[in-house]
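Note sheet for the following structure.
The values are calculated or read from the model by the stated rules, or taken from the named source; none is laboratory data. Just so it is clear, the structure is predicted and the values come from calculations on it, not from any experiment. Neighbour counts run over all protein chains shown; Cβ positions are idealised from the backbone, glycine included. Only protein heavy atoms, including side chains, enter the accessible area calculation; ligands, DNA and RNA are left aside. Shrake-Rupley method; radii C 1.70, N 1.55, O 1.52, S 1.80 Å.
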Amino acid sequence: LKFPNAVTAITYKLDFTTPAESDIDGTSLDDFEDEKVTILGKEYTITKATNATGVDLTLMSGAVQTTQEVGETKTYNINGKDYEVTVMVVSGDVSSTAVTKLIVNDEVTKSLSKDDTFQLKDGIEVGIKEVLPTKAGDVQQNLVEFFLGAQKIIFDDTNAQLEISEETINDVTVTITDDQVGTTRR
C-alpha cells in the first residue's frame, strides 16, 4: 500500500471495556504484569509495564506457554514439529537479574533474562517470561517461565516506538493515553 503525502495512514486503537488500573510503585506498574490483552484476535500477556516519562508495555504470546525446572526436559509440538526443551541452568539470586540457558532440539540458547527472546535456526522463537531462582535449601528447583513460538511486542510510549520481535518498526508512532489519579495510573 502507498499513501502519498499521508501523515497518518492507519490508526489502531486498543480500548479496554474496564479501565486498566495500576498502583504506581516507583517506575513499575506491577498490577498490569501478567494481565492478558487481545490484539487483532491474538492473546498476549503483559510481561513488563513501566511508567517513566511515558507508559511502556512489553507483551508476549506463543504457541506454548509453560514453566520448567532446571534439568527438566519436556517435548512440545508446534505445527507438527516436536521441540525438546531442557532448562540447562539458572544463574542469579533474584528474578530481575537472573539468567537462564535452554537447550531446544540440541541447540543451546545464549544467556536469556526476563523478556529476552532467542530465534532458533528454524526461525521459531523462545521468549522468557520470568526466571525464578531459588535460594539454597528451598524444596522447589529454579524455574523458568517461557513461551515457545514466541512473539514479543514492545509499545514504547516514552520514545513513541513499536518493536516486534527485537525489530524496531519505522514510521510508526506509539501513543498510550492514560491519566494519573493520586498514586494510581489508568
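Remarks
- Any hit, the stretch 88-95, residues being assigned to a strand (DSSP E or B) and touching a Pro at 6+ places or on another chain (Cβ under 9 Å): yes
- Out of 110, 114, 81, sole residue that is under 24 Å from residue 34 (Cβ atoms) and basic (Lys, Arg): 114
- Residue count for the stretch 73-87, restricted to those that are closer than 16 Å to residue 128 by Cα and outside any strand (DSSP E or B): 0
- Complete set of residues in the stretch 106-117 that are in contact with a Lys or Arg (Cβ under 9 Å, 6 or more places away or on another chain), open to solvent by 40 Å² or more (accessible area, probe 1.4 Å) and closer than 19 Å to residue 73 by Cβ: 108
- Residues that are assigned to a strand (DSSP E or B) and in contact (Cβ under 8 Å) with a residue 24 or more places away in the chain, drawn from the stretch 105-118: 117
- Leading residue by the ranking (modelled with the highest pLDDT) among those in the stretch 1-44 that are open to solvent by 100 Å² or more (accessible area, probe 1.4 Å) and polar (S, T, N, Q): 11
- Hits in the stretch 162-174 (condition: assigned to a strand (DSSP E or B) and farther than 15 Å from residue 10 by Cα): 163, 164, 167, 168
- Among the residues of the stretch 56-92, those that are under 30 Å from residue 158 (Cα atoms) and surrounded by fewer than 20 Cβ atoms within 10 Å (Cβ to Cβ) comprise 63, 65, 92.
- Selected residue (criterion: farthest from residue 29 (Cα to Cα)) from residues of the stretch 45-55 that are assigned to a strand (DSSP E or B) and open to solvent by less than 60 Å² (accessible area, probe 1.4 Å): 45
- Scanning the stretch 18-44 for residues that are among the charged types (D, E, K, R) and either in a strand (DSSP E or B) or in contact with a helix residue (DSSP H, G or I) (Cβ under 6 Å, 6 or more places away or on another chain) (or both) gives 23, 25, 36, 42, 43.
- Every residue from the stretch 127-179 that is more than 17 Å from the chain's Cα centre (by Cα) and crowded, with 19+ Cβ neighbours inside 10 Å: 133, 142, 174
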